[in-house]
Amino acid sequence: MINAKTSDTNEKIQPSQSNDLLVRSHQTEIDIYSPQSLIVTETFSIQNLNTTITSSVDLWLNHSLNTLVVEDVEGALDYDWIPVSNETHFVSVDFRTPLEQNDTSIFSISYNLDTELILTESEPSFYSFEFYSTISHYTRKYAMSMILPELSFIHESEGISPFYPANATQILIKNRIVISWIYNNISQASEPFFLLRFDEPIIPETDEPFFKSSFNVFLMGIFTGIFLGISGTSWLIRYREKKAMKKLGRTLLTDTQKALIKIVYEKEGKISQRDLCDTTGFSKSKVSRNLVPLEMRGLIRREKWGRTYVVYLTDDGRTVIE
């Protein structure tokens, strides 16, 4: 269990001499698990440059939070936590072992942001998340990463930047997009600002009615097969499936999804995702966001081809469009 020492908020804060400590690396990871759950983990690698032995490091966290966990690879660390205000927190972390000159300590601080993201009232609506990092000591390397909710995409709209600063990199890990920034040599007391706008997570529509319908068709096929034989049963099953797929195309797909399927159909059932963007004029994010539910319903399939994907129309997808 973490030993957090209590302190009077009116007590005078005496930070350690910042010139004695070098932050070799500072990594901030913000897991936006959902618009209501934002978890921050900050990992520090701190080196003592002074000939004097140092037993602790002073840090500032300038955000609204109500939880705090401080630990290294061996477990919990002792620390002082002084909430100076609702959005300013002074934290003094005790190293597990006092640092002699050139010794290094690695530890992490984790906390939940006491905030909830709200959808904008624009059309289309999106979430906007802002974060100021606090650099308490000279930092040789700083890395920031933000993990979007599952099945959520970066918001792309004319005249609105999806993220700031603009030099971010994007990767996809297990259906979640990770946005990252890296900076070198950041001076003490700096406050790098980061902004991220992302769309509301897609909630996959349940396939339960479809499977229930298929099950009923299967049962009907058994009884029909008794009278009509295997060939008659197969024809009936396929007829009902086509009818269900046509209904899917008419009622459950958006206009954008219908347009994408139609273009793949007109390209003889095969087109690269890059050409799909060029043909429609849609952004990469919009095309990718709309292909996901089509692939989940089995209307298309995608295969990796170099730096893009090739989109293929399945038999069910052809049934929807014909």
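Here, each number is a calculation from the coordinates, and none is a lab measurement. Nothing here was measured: the structure is a model prediction, and the numbers come from that model. Note that we place each Cβ from the backbone using ideal geometry, even for glycine, and neighbour counts take in every protein chain shown.
Given the options Ile82, Pro98, Leu65, identify the residue whose Cα lies farthest towards the positive end of the charge dipole of segment 58-165 (+1 on Cβ of Lys, Arg; -1 on Cβ of Asp, Glu).
Farthest towards the positive end: Pro98.
For a protection proxy built on the mean count of beta-carbon atoms within 10 angstrom, sort 282-291, 66-75 highest first, please.
Packing proxy ranking, top to bottom: 282-291, 66-75.
Report ³J(HN,Hα) in whole Hz for each residue of segment 87-97, in order, from the Karplus equation J = 6.51 cos²θ - 1.76 cosθ + 1.60 where θ = phi - 60°; Gly and Pro get x.
Computed from phi, the couplings for segment 87-97 are 10, 9, 10, 9, 10, 10, 9, 8, 5, 4, 10 Hz.
Within segment 273-290, what residues put their amide N at less than 19 Å from the label point 7 Å along the Cα-to-Cβ vector of Thr254?
Label zone hits: 273-274, 276-290.
Report the residues of segment 182-204 in range of a label on Thr115: point 7 Å along Cα→C-beta, backbone N strictly under 19 Å from it.
Under 19 Å, as judged by backbone N against the label point of Thr115, lie 190-201 of segment 182-204.
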